Every structure is written in structure tokens, then in C-alpha cells.
Amino acid sequence: MADKLPSEFDVVVIGTGLPESIIAAACSRSGQSVLHVDSRSYYGGNWASFSFSGLLSWIKEYQEENNGEEWTAWQELILETEEGVALRKKDQTIQHVEVICYASQDSDEHVEEVGAVQKNPGSVTSASTNDPPDSMVTACSDTSELTTPLSEPEAAREVPDVDVTLGNENHGGDTDCSQSPLEQEKAGNLPVGEDVVDAPKKNRITYSQIVKEGRRFNIDLTSKLLYSRGLLIDLLIKSNVSRYAEFKNVTRILGYQEGNVLQVPCSRADVFNSKKLTMVEKRMLMKFLTFCLDYEQQPDEYKAYEECTFSEYLKTQKLTPNLQHFVLHSIAMTSEESTSTLDGLRETQNFLRCLGRYGNTPFLFPLYGQGELPQCFCRMCAVFGGTYCLSHAVQCLVVDKESGKCKAIIDHFGQRISAKYFIVEDSYLTEKTCSNVTYRQISRAVLITDQSVLKADSDQQISILTVPPVEPGSEAVRVVELCSSTMTCMKGTYLVHLTCPSSKKTAREDLESVVQKLFTPYAEAELENEELKKPNLLWALYFNMRDSSDISRECYNDLPSNVYVCCGPDGFLGNKNAVKQTGMYSCSMSSFWNSALPCAYKPTSGTTSSPKPSLILIFLLKFSQNTLDPSDTLLRNVFSRVLDLNSLSSATEMLWLFPPYLFSQGQHNSLHNRCLIKNC
Amino acid sequence: MSMEDYDFLFKIVLIGNAGVGKTCLVRRFTQGLFPPGQGATIGVDFMIKTVEINGEKVKLQIWDTAGQERFRSITQSYYRSANALILTYDITCEESFRCLPEWLREIEQYASNKVITVLVGNKIDLAERREVSQQRAEEFSEAQDMYYLETSAKESDNVEKLFLDLACRLISEARQNTLVNNVASPLPGEGKSISYLTCCNFN
């Protein structure tokens, strides 16, 4: 690494989690020079996604003894008029990491034989990953052996997509799951007429196959989904960061009732098509959901129940217990005991409003995993000049004694880098800084399984399932099941994420009972009846993650006023907290941001009429495609008037839509490809 | 997608050490420009150029590193769904050639395994300062099974050829896949991109 970091920036951001990345992008986009560093060698912190081998190294790191070391060398580099706030050397947000491998760990080179005879897998259950990833790569068969034929000829192109154990489930009718080029390419790669065509479907996935196909996995540390009308989606679109990522709709909302997994009807079409509901139930549900959609308009309906919990309120509505259960757990996704009627109604409304924007459920999932999102914001930051440096630790913040403000950081090379503002992710702060903070914990499990929890016509389903609390006082467990077309797991497997707020000591204690309800450990699978079989568990990881959301600034000791702390991921399904926080910070930094927008708010004299929306669209489209012709006076006119539009009222919105160099000429002369104003 | 005015769309991604001329290659090709004395890349996300090859419109979406290569911190998502990679080094800079194996490792880790990789030795206009011989580069690219070309973004040598040849190879690759899969449009990625447009709703 020949290059040395510049020693002066406007903003230094430490940590590449989602909130930090959003702020970095926003600052960079508003014309500030940004240094974004992370002591880890990967992007995203606790928001990251890993390949299988990447996850194994991550596990190894956290299974090691960890005593919260701090940096000390900086003390010699501090002047008398300064004070240092040390940062943490090693992350301590992950605890109780446990790995259990259920899949056969034989390094058998003859996977194709497994299909013919039902071989005893000789499963080994161990409490740790006893094999380093590299040593496992050798013994495995071609990927094509994981595929299974279809009898229907018209389904031929689906072949590489077919799940091993669900072969008989496939009717080739799942046209909604189109193939990615990646899979097309793989298909093109398959030797034609290979004996795959005759291979029986009972193929077992072994541990070595998982390791060999490890690159196909993108395993999220934090399991979240995007509400299709949520803040994050809005931000992605506004900022144009959405062009760096692709999304898939969650295909099913599932519920868990009396030991069975059921699909929850939530859209109008679902309700009417549901075979589980009676005609009367359908009407009741539709009536209730329609009411929820604009419940504020009919306060009489719920006023009397404002003091009650949502579950009690539901009982007073004309809903069967069945429907109450669905609404409470799967639609509102709220707690039976503690959620108020108003909160429940709001959640239900939010859910319903998000329906149908991009598909039949309210949720989207980013292809290649949640970990893509921080990276996309980081790219946006880099495109606008942000400097990126991974594996770059920061020893301390340097605080000026007189002003009480932070003025610089000292990095692991001892280099001093000064800035005006500092964004630090919570996990970088030491115990000394956080001694008054009480953190909650999130319990997480990551499972690799061989079938969906609810079989359907298509094996490419993305499902969310809420398992209600087993005993009073414990927490509901959120289960997100991802199929291979989300690019997060290898073909023939499913990646299952379980999340709940921690109540017992370890994640395993919190979640294992739910895992046992839904899945069968691989070794026992042989004994069970084929028809009633639950999905086999191939591999499981449990860990606890610190939840640093919702911590008030005052809780941190000795925090200089120009240092902002970003929280790690919370336990909720959406990303509201993360995005809200960035909005808050941008407000408190707004004087600083808006300096980049001096002419943005100058009213254009004499123009009263607003431009036509269609022209604005053309403008935005051309702008986003870099095809705006600077000599196009009509569009330029539109542009100047767009600034008057009511719809673009807040400064932050403006910021996202138009990078400030459009307003301040000369500052970014190298920005050739969008030189709108410069040439005017 | 049938409404779009092209037959093929490919995502091409540039990588290589800082200062080897990646941005210049793209700008020469897409805009016919060579900006002298350009510093580190700022503000270039990707550029689009539509070319016609044998009567077919091919839209090339060419992505630049946005300067993240400077401290070896390119995001993985940069490599996602790329159809081709242009791995660039500077023929007057031994160091940029020595780093190639490191780049290949990154490609192997993050890019699709079917991605087409082209090795490009840039700055042949500075032949008198050459540090990496053509033969060495040829041997290296052969060993790695890569297509190899030397270019000059400044003199516009081989730049057109680089992108057009690549487009041709991408087309024939896409054709092959289409034949096997019977799928019409080779689009990068299969997920949907999100926008404000919306159709149906709950009501």
C-alpha cells in the first residue's frame, strides 16, 4: 500500500455499517470530503454478509478469547492541550457463538452414489467447526449432481434450478422465478446428456458440498427485510443508490399455529383464493383489513379500546380465533401481551400499505444479502469523492481540551487525521465511554436446511414466519427463509434466519426450541416418514449480537459535541431505526450541509408556474443516466424550476436529488459527465 | 424489457491499481476524450455507450472503481452481475503488473465464475518508459486464460478494439446460453430494480 492517507477531511466515519454508510454517502454527496474507515477487512460490520468460508473465519474470530483490548500507543502522540478518547481494538458485540454441523462430514468423493442407495450419512455432531475451510475443498462432486430432472419437457430450462429433495414437488409452472444469468451460464456449462438425467432425487447434501459451494452463500449477520414503503426504500430511490442493488419480493407470509406452518392470506387476492378460510372468515378478514387501512378515519371503532392491548381489541372484533392469530402475529407482527391497540392498528396499516407496491407481500429482500446495502451507500460515497480504507483501525479520538471538540483521529499507523465531524459506530467505543450504557441483546440463529418449512408448487420461495412465544414472557421468534435464487445459498438448500430479543443467557437457549419445532436434525431424518418429514437441518450457527439501538447520547461518557454515535443493527424486521438516526444526525449537521447548497434556495424570480411533471421526469431520467445535454435549454429551465416544487420541500430531499456541485460551479471541475451548470 | 432500444445489455467492470488509466480508457471509448492530468477518479459511476455490432444494438454499461481501489477497499457488490472484467495495468509501472495476482484472487472470490476477463496493458504511448514487456504479459495472460491487449487511452490505440471485441465475445457467449436455456434476454441480475412506479395495491 504505497499511498498514504490525506491528513485532512471534513468528515471521518468509523465503521461501515448501514447508518454510517448512509451518512458517509450523504456527506460526500453534499460536497464534503469524507474518510470512511473500518478496522475489519470487510464492509458492513454487524450488517455484513459472508460466504460460507468467510463466515467460518468470522466464527473463529469470535470464538477466541476476547478481553476488550484498547489501544495505548497513541498516548505519546497527544499534545498537552489535548485529550485522547481511546477506541476499542477488538469488537465485543458478538457472544456465545455456537456451531453445530448436522450434515455428513465424510469427505466422500462419490456423492452421486448417495442417491441410489440411501446411505447412512454417519452424521457427526460437534460443537465447533473442526475443519478449516481450505482443507475441505478437495473432495466434492460436480454441482450438476445436485440437480434433478423434471418429467415435463417444457420445464427443461428449469433443470439447474431444481431442488434436490423437492424434485417431486416441481411442476415446472413456477414461471415467476426466472433464472439469473448466473444460473443460465451454469446451465450452459452442464455437459449435455450427463447421467444427471437419470439420477434419483434422494441426493443428500454433505458438509463438503456446502464448503465447496461456499461462494454461493451470502449469509447475513443481521436478518432484516425492507418494507416496500419504508424509509430505507425511499432513501434508496431518492439517493439513486437503488441502482447498485437488485431486490426480490418476499413471496409468502407464513404463520405458525398448533404445530403447523400455514400460509397467511394478506392481499385481497390471497384472501379470496385461500382454501383454509371459510366464506364467512374471508368476509370478516376483508372487512377488518379494509378498516385498518384507514382506521384513523373511524376513531369510534377503536376509541374505547385505546387502553387495551391489541390482542384484546382483536377479540372484540368479529374475527375467529384463527384470524385473530394471523392478524396479531403475522400481519401486525406484534406482541400479544404488550402491544397497544393503536400500535397494533398502526402496524397493520403499515403492512397493508406496503402490499402490492412491488408484489404480493409488503417486503423486499436484496439479492446477495442484506450486506449489499451498506456497500451500495459506500459506493455512492466513493463516487462523490469519499476515500475508503478497510482494515484500517483507529486508535483514538483527539479532543481539544479548550473547546471540548474532537479535532482529529490517530490511526493504527500513528497518523493524525483531522476533521470537523466524526461518526463512530457504537462497537468502537470502549467500556470506559459506555460504562453507563445498558445494552440489550439479540439472539440469532442461521440454519442451512434442505427443504422449505412449507412446501409449495415452486421451491423458490422467500418466506417470513413469526413463531409466537412458547411460554408467556418469552419472545416471538422471527424466521426468514431464503431460497437459492436470492443468491444467498447454494442450490438445493435454504438459508434460514431466526431472530428474537434475548431473554435467556445464550442464543441457543432462546432459539433451539423453535428450531426443533420446525426442523429435524439430519441424523434423525432417516427414521421419519417421508411424507410428514420436516426439513433437514444441515448446519446451524447460534450467536448473540449486541443491540445498541435507542441509546440516548447522554449515556455515553465524555462524548465531544461533534462526535456522533451510530447504532448497530436492532432486532426489528425493518430498518427504520438506522435510517431515522441518520436523518437526525443530518439535521444536527444541517448548517454544515446546507453550506453546500447556497444557491439552491434562491427563488427563481418571475417564475410562477411549475414545470410539468413529465418534464421533471425526463430531466431526472436523463440526469440519472448521465445523458443530459448541457445545451438543452428546455430541460435546464425545468431544472431551475424544480427547485420551487413543493414536493421537494426539505433540504435533505434536495440533497439527495441533486448533488450540490450542480449548484456550486468550479468546485468539481473534474465532474465531466454531469457538467450541467458549468457549461451554461 | 422488450421496450428498450437495444438487443443486448452488458455490464463491464474495470479494475486494476490506482493510476493505471482505467477512467481514461472509459472516457476515451464513451466520449472520445482524453483529459490530461486527471487526478483520482471522482464522480464517475458508470458510463453507457451503445454500439452496433453486425446490425445488433449492444448497450455497454461500463463501471469504474470510484477510487475505492486506492486502499484496496472495493466493495463486493461492485463485482455483482458483471458480464466482463477489464483488468488494467500500466506498462510503465512494474508494481501495477505485480499486483495482478492479487486482483485475480479478488475476482475469483467475488465475481461470477463465468465472467470474461480481459487483461489490458495501458499507456503504450509511453513506450520509452516501458517496464513490463509484452512477452511477460502475454505469458501471464495465457497462463490465466485471459484475453490480452495493449492500449493507449491517450493515442486512442486499441481502445475501440478492446470494447468492441469484448462486446462480440459477450454476444456469442450470450447466444450460446440462449440456445441452451431458451431464455431471451441476457440481463445482468435477475432481481428487480426498485422505483417509484407502482401498479396494483391492496385496494
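A few remarks follow.
- Segment A:205-273: GluC sites (Glu not before Pro) in DSSP coil with no more than 10 other Cβ atoms inside 10 Å: A:258
- The trypsin sites (Lys or Arg not before Pro) of segment A:302-378 that meet both conditions, a loop assignment by DSSP and at most 12 other Cβ atoms within 10 Å of the site Cβ, are A:318.
- The peptide list A:464-476, A:365-377, put in order of mean Cβ contacts within 10 Å with the highest first, becomes A:365-377, A:464-476.
- Here segment B:6-174 has 43 percent of its accessible surface on carbon and sulfur atoms, given a 1.4 Å probe and all protein chains in place.
- Across the alpha-carbon atoms of segment B:6-174, the computed radius of gyration and Dmax are 14.8, 42 angstrom.
- Other protein chain C-beta atoms within 10 Å of residue C-beta, averaged over A:388-394: 4.
- Of the peptides A:550-556, A:230-236, the ranking by mean beta-carbon count within 10 Å, highest at the top, reads A:230-236, A:550-556.
- C-alpha center-to-center spacing [segment B:58-77, segment B:108-123] in angstrom: 12 Å
- Environment charge at residue A:272 (Cβ cut-off 11 Å; Lys +1, Arg +1, Asp -1, Glu -1): +3
- Ranked by the mean number of other Cβ atoms within 10 Å of their residues, highest first, the peptides A:433-445, B:137-149 fall in the order A:433-445, B:137-149.
- The distance linking segment A:449-493 with segment A:47-97 is 32 Å (Cα centroid to Cα centroid, whole angstrom).
- Shielding score for A:241-254, defined as the mean number of other chain Cβ atoms within 10 Å: 3
- Once backbone amide H atoms are built at 1.01 Å from N, residue A:477 has A:467 as its partners under 5 Å, excluding neighbours fewer than 5 places away on the same chain.
- At full extension, residue A:4 and residue A:64 could sit 18.4 nm farther apart than now, given 0.36 nm per residue minus the alpha carbon distance.
- log₁₀ of I(q)/I(0) at q = 0.20, 0.26 Å⁻¹ - segment A:267-354, Debye sum with one point per alpha carbon: -0.90, -1.50
- Within 10 Å of the Cβ of each residue in B:58-71, the mean number of Cβ atoms contributed by other protein chains is 4.
- Convex hull per residue volume in Å³, alpha carbons only, for segment A:338-383: 138 Å³
- Relative contact order of segment B:6-174, pairs being alpha-carbon contacts under 8 Å that are 6 or more residues apart, as %: 26 percent
- Interface area, chains A and B: about 5400 Å² of buried accessible surface, summed, with a 1.4 Å probe and ligands, DNA and RNA left out.
- Among the GluC sites (Glu not before Pro) in segment A:312-370, those placed in a DSSP loop whose Cβ has at most 12 other Cβ atoms within 10 Å are A:337.
- 37 °C / 0.692 mPa s Stokes-Einstein diffusion coefficient of segment A:388-473, Kirkwood radius on C-alpha pairs, µm²/s: 177 µm²/s
- Its relative contact order, with pairs defined as Cα atoms under 8 Å and 6+ residues apart, puts segment A:421-549 at 35 percent.
- Straight-distance candidates among the lysines for linking to residue A:420, with alpha-carbon spacing under 22 Å and chain neighbours fewer than 8 residues away dropped: A:4, A:401, A:405, A:407.
- Occluded residues from segment B:75-90, i.e. those whose accessible area drops by 50 Å² or more once the chain is not alone (1.4 Å probe): B:75, B:77, B:80
- All other residues whose Cβ lies under 11 angstrom from that of residue A:577 are scored, Lys and Arg at +1 and Asp and Glu at -1, for a net of 0.
- Modelled spin-label separation between residue A:509 and residue A:82, with each label point placed 7 Å from Cα along the Cα-to-Cβ direction: 4.5 nm.
- In Å², nearest 10: area of residue A:83 left accessible to a 1.4 Å probe: 100 Å²
The values are calculated or read from the model by the stated rules, or taken from the named source; none is laboratory data. All values reported here derive from a predicted model rather than from experimental measurement. Reconstructed Cβ throughout: ideal geometry from the backbone, glycine too, with neighbour counts over all protein chains shown. For accessibility, only protein heavy atoms count, side chains too; no ligands or nucleic acids. Shrake-Rupley method; radii C 1.70, N 1.55, O 1.52, S 1.80 Å.
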